[in-house]
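The values are calculated or read from the model by the stated rules, or taken from the named source; none is laboratory data. Just so we're clear, the structure is a prediction, and the values are computed from it rather than from any experiment. Here Cβ is always computed from backbone atoms with ideal geometry, including for glycine, and neighbour counts include all displayed protein chains.
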Amino acid sequence: MQLYCYAVRMPRIVDHEERRQQIVFALWLVIAEQGIEGVSLRHVAAEAGVSMGRIQHYFGTKEALVLAGCTALVDSAYGGYLETADAAPRDRLLHVVSQQIPRDDGGRVGVSVWYAYVAKSINHTAVRQVLAEARRGAEEECVRLIRADRGAGAEDPAALDRARRLLALADGLTLRVLVRDLEPDEAVAMLEAEVDRI
């Protein structure tokens, strides 16, 4: 009796979203090390451990990849905020203004990538639009949370001014933590005190 073995090729299940995220994460590492101007499909492919063809398959061009990385950075921050849905308005407000403070080396990479995109937005319309929309969204959410926490509804005309001051303070503290001029805990404590004050 003879036995015949047939190699049946099973289709591999490919998680395309996971692959895209892997490539975007590699992009962020390249940006953190070399800046946006140092990005090339070859560098990102090497960092991600994939072929240039794979990156072109998912993103097409370097320009599209850089923009996708910017959008993914904003989406990641928003995803973190959504996890606070059950928290009190005061705690959600503190999250919005303090989440950018880098608390570890991974956070420093993320913030340095953010600032690289901020610099790129000076001469890149699409990046500027993504960042401006994200900042407007953060500002609007801060206003909403300040009003909710104070029980003022739409009747607090100073809420916009307070939100802008909080976000500006957060930006300044983030920069100081990034250059290691201030400890993360000190920065968060300052933001918490300002949130409580308003």
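Structural remarks
- Long-range neighbours under 7 Å by Cβ, at least six apart or interchain, first residue within 20 Å of Asp104 (Cβ to Cβ) within segment 158-178, second of a type in the set (Gly, Ala, Ser) and buried (at least 18 other Cβ atoms within 10 Å of the Cβ): Ala170/Ser98; Leu173/Ala187; Arg176/Ala187; Val177/Ala187
- Residue that is at negative phi and over 12 Å from the mean Cα position of the chain (by Cα), where the choices are Leu93, Leu73: Leu93
- Any hit, segment 187-195, residues being surrounded by fewer than 14 Cβ atoms within 10 Å (Cβ to Cβ), of a type in the set (Gly, Ala, Ser) and over 30 Å from Ile36 (Cβ atoms): yes
- The lone exception for Gln100 - which of (1) surrounded by 19 or more Cβ atoms within 10 Å (Cβ to Cβ); (2) over 19 Å from Gly172 (Cα atoms) it fails: (2)
- Criterion violated by Ile31 - all others in (1) more than 30 Å from Arg164 (Cβ to Cβ); (2) in contact with a helix residue (DSSP H, G or I) (Cβ under 8 Å, 6 or more places away or on another chain) satisfied: (1)
- Entry remark, segment 52-81: residues being part of a helix (DSSP H, G or I), over 26 Å from Leu175 (Cβ atoms) and free of Cβ contacts under 8 Å to residues at least 12 places away in the same chain number 5 in total.
- Enumerated helices (runs of 4 or more DSSP H) restricted to segment 105-179, each holding at least 2 residues that are closer than 17 Å to Val66 by Cα and modelled with pLDDT of 95 or more: 105-120, 125-150
- Flag if Leu93 is farther than 19 Å from Arg164 by Cα and either part of a helix (DSSP H, G or I) or β-branched (Val, Ile, Thr) (or both): no
- Among the residues of segment 124-142, the ones that are over 16 Å from the mean Cα position of the chain (by Cα) and surrounded by fewer than 14 Cβ atoms within 10 Å (Cβ to Cβ) come to 2 in all.
- Residue list for segment 119-144, filter: free of Cβ contacts under 8 Å to residues at least 60 places away in the same chain, closer than 17 Å to Gly79 by Cα and touching a helix residue (DSSP H, G or I) at 6+ places or on another chain (Cβ under 9 Å): Glu133, Arg135, Gly137, Ala138, Glu139, Glu140, Cys142
- Filter pass, Arg90 being closer than 25 Å to Leu182 by Cα, surrounded by fewer than 18 Cβ atoms within 10 Å (Cβ to Cβ) and not polar (S, T, N, Q): yes
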